[in-house]
Amino acid sequence: MFTSCPIGFVSSPYMDTGQVPKGLGAKHDADGVLKLLPEFEPGLTDIEGFSHLIVIWEFDRSEGFELTASPPSDNRSHGVFATRSPLRPNPIALTTVELLRREGAHLHVRGIDMLDGTPILDIKPYLSSIPPEKLRRGWLAEAEARQK
Ligand SMILES: C[S@@+](CC[C@H](N)C(=O)[O-])C[C@H]1O[C@@H](n2cnc3c(N)ncnc32)[C@H](O)[C@@H]1O
């Protein structure tokens, strides 16, 4: 086991959870800045070549967890590990963002869904190798079909 240690913090237009778009069809196109602590800046070398990044972050404003969750995108509940609920045994989140530009230790990105000041645990380049025809979207596809 390890103790997580933020490598930086998110600058986001969202100050509380009610402001983040939710539910079926919600668009995540908000711009934000991933502000790394200066000592981690060398770790960003060569990141500019990637169009998209995976940001791993902490639900630092969640308390406790529930093993079933009722997502805003469905009126049925599902196991927490079949959802992206913020109430998880380990409060870890990930978001794929588009990299707009880098300014030193700051990454300007599009597509954030985290609150202002959220701790960033890690950043990795997004490299999808799964062909779209192989992807199954489980209960989410069923919820979308029911609401058409
Ligand atoms: C459904 S979760 C998905 C997060 C991430 N994209 C994932 O898949 O792990 C997104 C919600 O988490 C909540 N949230 C955002 N930042 C948070 C934070 N720092 N602490 C707790 N909850 C947060 C907001 O309500 C937001 O709508």
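The values are calculated or read from the model by the stated rules, or taken from the named source; none is laboratory data. These numbers come from a predicted model, not from an experiment. Cβ: placed from backbone, ideal geometry, glycine included. Neighbour counts: every protein chain shown.
Things worth noting here:
- Flag if residue 117 is surrounded by fewer than 17 Cβ atoms within 10 Å (Cβ to Cβ), under 15 Å from the mean Cα position of the chain (by Cα) and either over 27 Å from residue 138 (Cβ atoms) or more than 14 Å from the ligand (Cβ to nearest atom) (or both): yes
- If you check 89, 72 for being assigned to a loop (DSSP other than H, G, I, E, B) and modelled with pLDDT of 95 or more, only one passes: 89.
- If you check 22, 35 for being among the basic types (Lys, Arg) and either touching a Lys or Arg at 6+ places or on another chain (Cβ under 8 Å) or under 18 Å from residue 100 (Cα atoms) (or both), only one passes: 35.
- First in the stretch 34-60 and basic (Lys, Arg), second anywhere and within 13 Å of the ligand (Cβ to nearest atom), Cβ under 9 Å, 6 or more apart: 35/9; 35/10; 35/11; 35/120
- Each residue in the stretch 1-17 was checked for being among the small types (Gly, Ala, Ser) and at pLDDT below 95, and 1 of them qualify.
- Taken together, the criteria place residue 56 among residues that are over 20 Å from residue 26 (Cα atoms) and of a type in the set (A, V, I, L, M, F, W, C).
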